[in-house]
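Each remark here refers to the structure printed beneath this line.
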Ligand code: RIB
């Protein structure tokens, strides 16, 4: 029985508008379709991990408001452990405005709200949960010092750390040195190391540069070109599955959460990346963040038929 998977990060309410094309500045685009769902990179990753079969705990902060209560109820439906879910009385639940055009590309803006109230003290209060995990997964939508505190606890207990450097913003070398597996997309890689990966060859160059900053293993995701794994000086390209994308929101989150689940089950990184690629391919065929995340049985069926 694999150890639990602890995910620390953001939870948002997503307000999604699907439009024929993304508006230019000052333009009004009509004929949109509206959907309100739950998202946030941390929450999406926790949902992906739980639906793929991991015993998942989520450490996060939502507002003491109706959205916060609905998000908590939603996590329970996916059997996610919520002992680490805090409620802020000062800040509203985090929210995101998402615009998606035909073909699945999106524009995303986020108001962090309660996500920025997730403090190192709160993470430290759940040190025992982190120390008994098989793996922890972090992203960049909560304060950096909160991630730093989680890494310190995990490293002290010998628990491996995955960091999904999303969204990209300033990070310390010290934090990167505490990361075992770094996951970046093309933009995040370019932001961090100055090399813009456009294909597996340039992704290898970026991954090599990123590995020299501390993380033992680096994964560069390349959308429809799959992903590049850099591990112990060796690069492995894992191709993507071909699907018709309607919405790419949370594809990266689905990848991260399911990758962690597969690693906890004992799969090596290339096998885990193939599993995660299948899950993320399935997610882009459906609209919305959490509604698009597939359950384990769908991922297994998809892998068998591909
Ligand atoms: O990665 C997608 C997520 O980013 C959305 O669900 C949105 O809430 C933002 O956090």
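Among the residues of the range 24-38, are any part of a loop (DSSP other than H, G, I, E, B), more than 25 Å from residue 301 (Cα to Cα) and within 16 Å of the ligand (Cβ to nearest atom)? Checked the range 24-38: no residue is part of a loop (DSSP other than H, G, I, E, B), more than 25 Å from residue 301 (Cα to Cα) and within 16 Å of the ligand (Cβ to nearest atom).
Can you spot a residue in the range 72-89 that is under 29 Å from residue 2 (Cα atoms), within 17 Å of the chain's Cα centre (by Cα), part of a loop (DSSP other than H, G, I, E, B) and modelled with pLDDT of 95 or more? Within the range 72-89 (the criterion being under 29 Å from residue 2 (Cα atoms), within 17 Å of the chain's Cα centre (by Cα), part of a loop (DSSP other than H, G, I, E, B) and modelled with pLDDT of 95 or more), the answer is yes, since at least one residue qualifies. With respect to (1) crowded, with 23+ Cβ neighbours inside 10 Å; (2) more than 16 Å from the ligand (Cβ to nearest atom), the lone exception for residue 53 is condition (1). The condition (being surrounded by 19 or more Cβ atoms within 10 Å (Cβ to Cβ) and within 15 Å of the ligand (Cβ to nearest atom)) is satisfied by just one residue among 17, 71, 105: 71.
For residue 278, the conditions (1) buried (at least 22 other Cβ atoms within 10 Å of the Cβ); (2) away from the ligand (no atom under 16 Å from the Cβ); (3) more than 13 Å from residue 224 (Cα to Cα) all hold with the exception of (3). Taken over the range 122-153, residues that are in contact with a helix residue (DSSP H, G or I) (Cβ under 6 Å, 6 or more places away or on another chain) and touching a residue at least 40 places away in the same chain (Cβ under 8 Å) amount to 12.
The set of residues in the range 282-306 that are over 28 Å from residue 108 (Cα atoms) and in a loop (DSSP other than H, G, I, E, B) contains only 306.
The values are calculated or read from the model by the stated rules, or taken from the named source; none is laboratory data. Remember, it's a predicted structure, so these values are computed and weren't measured experimentally. Because the Cβ atoms are built from the backbone with ideal geometry, glycine has one as well, and the counts that use them run over all protein chains shown.
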